[in-house]
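Structure, as structure tokens:
The values are calculated or read from the model by the stated rules, or taken from the named source; none is laboratory data. For clarity, every value in this text was computed on a predicted model and none was experimentally measured. Note that we place each Cβ from the backbone using ideal geometry, even for glycine, and neighbour counts take in every protein chain shown.
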Amino acid sequence: MKQQQILNQLIQFLVASPTPFHAVRFMTDLLDTHDYMELIEADRWHLKKGGRYYVTRGGSSLIAFRLGTDDNPVEGLSIVGAHTDSPALKIKTNPQLRFKNYLNLGVEVYGSPILNTWFDRDLSIAGRFAYTDANQQTKTALIDFKKPVAVIPNLPIHLAPTDSQNGKINRQTELPPILMQFDPDKKAKPESFQDVLSAEIKKQLPELTIKQVDDYDLCFYDTQQPAIVGYHDEFLCAGKLDNLVSSFSGLLALIGSRGTKSTMLVCNDHEEIGSNSYTGAAGPFLKSVLERVLKNREDYYRSMSQSLLVSVDNAHGVHPNYPQRFDTNNGSILNKGPVLKINANQRYATNAETSSMFRRICHEAKVPVQEFINRSDLNCGSTIGPITSTNLGIKTIDIGVPTFAMHSIRETCGCQDIEFLYRALLSLFNSPA
Ligand SMILES: [Zn+2]
């Protein structure tokens, strides 16, 4: 697949995925068109040699896999892991805040966004409703307002207290986005958040009414479209590159792979808040699927000992304006290939052995490899790699594309790196057992 083709598809995915729920829906739609069969966790599974399957949990986590064509049930699996969530502002259950005739919405901060990047942005709302259907069952429906409906204006520089200028933003009082200005005399509708939801439901989900809705998971997101930036078109700027780039590269590689061994993609929700949830990497989702694929206990343990998890999550590219914030001996440059993420304290699961395995995979794909180790006097982030590795006892490596401004509302990565990552993961999935 050519770089431009991969980028076009990735941009489509980014635009269609304002929340993890939307990301999973996009991925399952694509899997459907490639003859992957949906499995339901509550059903009895009848898996076949060479079969292609996927299963979702909570609407926001996904596992897709292709079973090996050999008769050997204990061969190791090649697994790619990523996450579907990104930092966000989540709308509270009773969000309405009124000052004069402004209506603002109270939010909770999800994960660790760079908060000042959320100011002066054209924000929209997306997420899901939970409702009770005619059979008294709880169902969910996705919604995406698409158009910009809210803004968090900055305070003018002339009025800003020193605290704000230093980026110390009060999450309770300074973040609520302004949704609208209403005029009680004109009785213009909608004039409450409930009215807004009701109108959007009417437009987008005509089979549903606001009365049926019991609750929601709704977030704000930036409506600015992804853009190719740089004089040589070398950068991709967009929201949620961490970690939709990895989820989508893994998906394209799985779909494009033609190897004989079993391959799997796992995309978990809730990485940004530590992975502790029933859909997160610290939960039992992946383990339960692996146990259903490898029913025999002995086979399961033998297979795990021969498997490799490539945990893919964005890395930090050395920022040319702040080189002093990096260990430049072990820093990565955009468009120079995927990064091995290394940390002595196992914040990343990479070790010399798994690093060697990944270098070989990249060498076969003619993909260059770089390294990232944090400055020894700075704290290191983490990802699903060490968590999954701990849960399953599986050899793991942490890698990712180098990125600028991780957790900004708009991040930057290298266009060439997207192709490199795809080719590396394809090489992993196509490699013999
Ligand atoms: Zn991430």
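Of all residues in segment 376-433, those being surrounded by fewer than 18 Cβ atoms within 10 Å (Cβ to Cβ), under 24 Å from V289 (Cα atoms) and in contact (Cβ under 8 Å) with a residue 24 or more places away in the chain number 5.
Number of residues in segment 215-261 that are away from the ligand (no atom under 16 Å from the Cβ), at pLDDT 95 or above, farther than 12 Å from R410 by Cα and of a type in the set (S, T, Y) equals 3. Within segment 201-221, the set of residues being without any contact (Cβ under 8 Å) to a residue 60 or more places away in the chain and surrounded by 14 or more Cβ atoms within 10 Å (Cβ to Cβ) comprises I210 only. None of Q9, Q96 is more than 15 Å from the chain's Cα centre (by Cα) and in the same structural domain as I157 (by TED's automatic domain parsing) except Q96. The residue list N296, N335, N321 contains one member that is away from the ligand (no atom under 16 Å from the Cβ), among the polar types (S, T, N, Q) and touching an Asp or Glu at 6+ places or on another chain (Cβ under 6 Å), which is N335. For beta carbons closer than 8 Å, sequence separation of 6+ or different chains, a first residue in segment 332-349 that is in a loop (DSSP other than H, G, I, E, B) and a second that is at pLDDT 90 or above and aromatic (F, W, Y), the qualifying pairs are L334/F235; L334/F404; G337/F420; P338/F420; I342/Y348; I342/F372. In segment 267-287, the qualifying residues are those that are more than 16 Å from the ligand (Cβ to nearest atom) and loosely packed, with under 14 Cβ neighbours inside 10 Å, and the one that is nearest to the chain's Cα centre (by Cα) is Y278. Residue pairs whose Cβ atoms lie under 8 Å apart, separated by 6 or more positions or on different chains, with the first residue in segment 37-56 and among the small types (G, A, S) and the second assigned to a loop (DSSP other than H, G, I, E, B), are G50/L67; G50/G68; G50/T69; G51/L67. For segment 77-107, filtered to residues that are in contact with a helix residue (DSSP H, G or I) (Cβ under 8 Å, 6 or more places away or on another chain) and surrounded by fewer than 19 Cβ atoms within 10 Å (Cβ to Cβ), the residue that is nearest to D269 (Cα to Cα) is P95. Looking at segment 303-317, is at least one residue closer than 15 Å to L378 by Cα and either in a loop (DSSP other than H, G, I, E, B) or not assigned by TED's automatic domain parsing to the domain that holds D377 (or both)? No.
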